[in-house]
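Readers should treat all values here as calculations from the given coordinates under stated rules, not as data from a laboratory. All figures in this text were calculated on a predicted structure; none of them were measured in a lab. Cβ sites come from the backbone with ideal geometry, for glycine too, and all protein chains shown count toward neighbours.
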Amino acid sequence: MSRLNTLEWVCLILLIIGGLNWGFVGVVTVDLLRAIFGTFLAHIIEIVICLAAVYMIYAILQWRKEGKEETTE
């Protein structure tokens with residue numbers, strides 16, 4: 001697996017933020033994104049986090065493909 005590029009780092013950070021937010025929702029029933037940014041901006045941020053998750057699924061599949069190619073050579 002190669003080192004993470006800038007887009008992958010940004011996506012990883014967004015996924016951590018999203019995971020922490022869901023943790024707060026589950027544990028103390030507080031949506032930090034909505035509390036900090038308001039409903040509209042939180043909605044936009046959640047969409048961006050979702051896109052980051054979709055991209056990371058793609059990136060992981062590419063990493064697996066690269067790993068299989070390295071082992072067959």
inquiry  = With angles folded into 0 to 90 degrees, how steeply does helix 32-72 sit against the dominant principal axis of the chain? Use alpha carbons for both and round to 10.
reply    = 10 degrees
inquiry  = Compute the angle between helix 6-28 and the longest alpha-carbon principal axis of the chain, please, reported from 0 to 90 degrees and rounded to the nearest 10.
reply    = 40 degrees
message = Taking 8 Å as the Cα distance limit and 6 or more residues as the minimum spacing, I'd like the relative contact order of the chain as a percentage.
response = 42 percent
key: Two-site label geometry, Leu4 and Val27: point separation in nm, points 7 Å out along Cα→Cβ   = 2.1 nm
ask   = Using only Cα atoms, what is the ratio of the radius of gyration of the chain to 2.2 N^0.38 Å?
value = 1.41
key: Inter-label distance, nm, simple model (7 Å from Cα along the C-beta direction), Tyr55/Thr39   = 2.9 nm
message = With +1 assigned to the C-beta of every Lys and Arg and -1 to the C-beta of every Asp and Glu, and no other charges, what is the dipole magnitude of the chain about the Cα centre in debye, to the nearest 20?
response = 140 debye
inquiry  = Starting from 0.36 nm per residue, how many nanometres of slack lie between Arg64 and Leu12 once their C-alpha separation is accounted for?
reply    = 17.0 nm
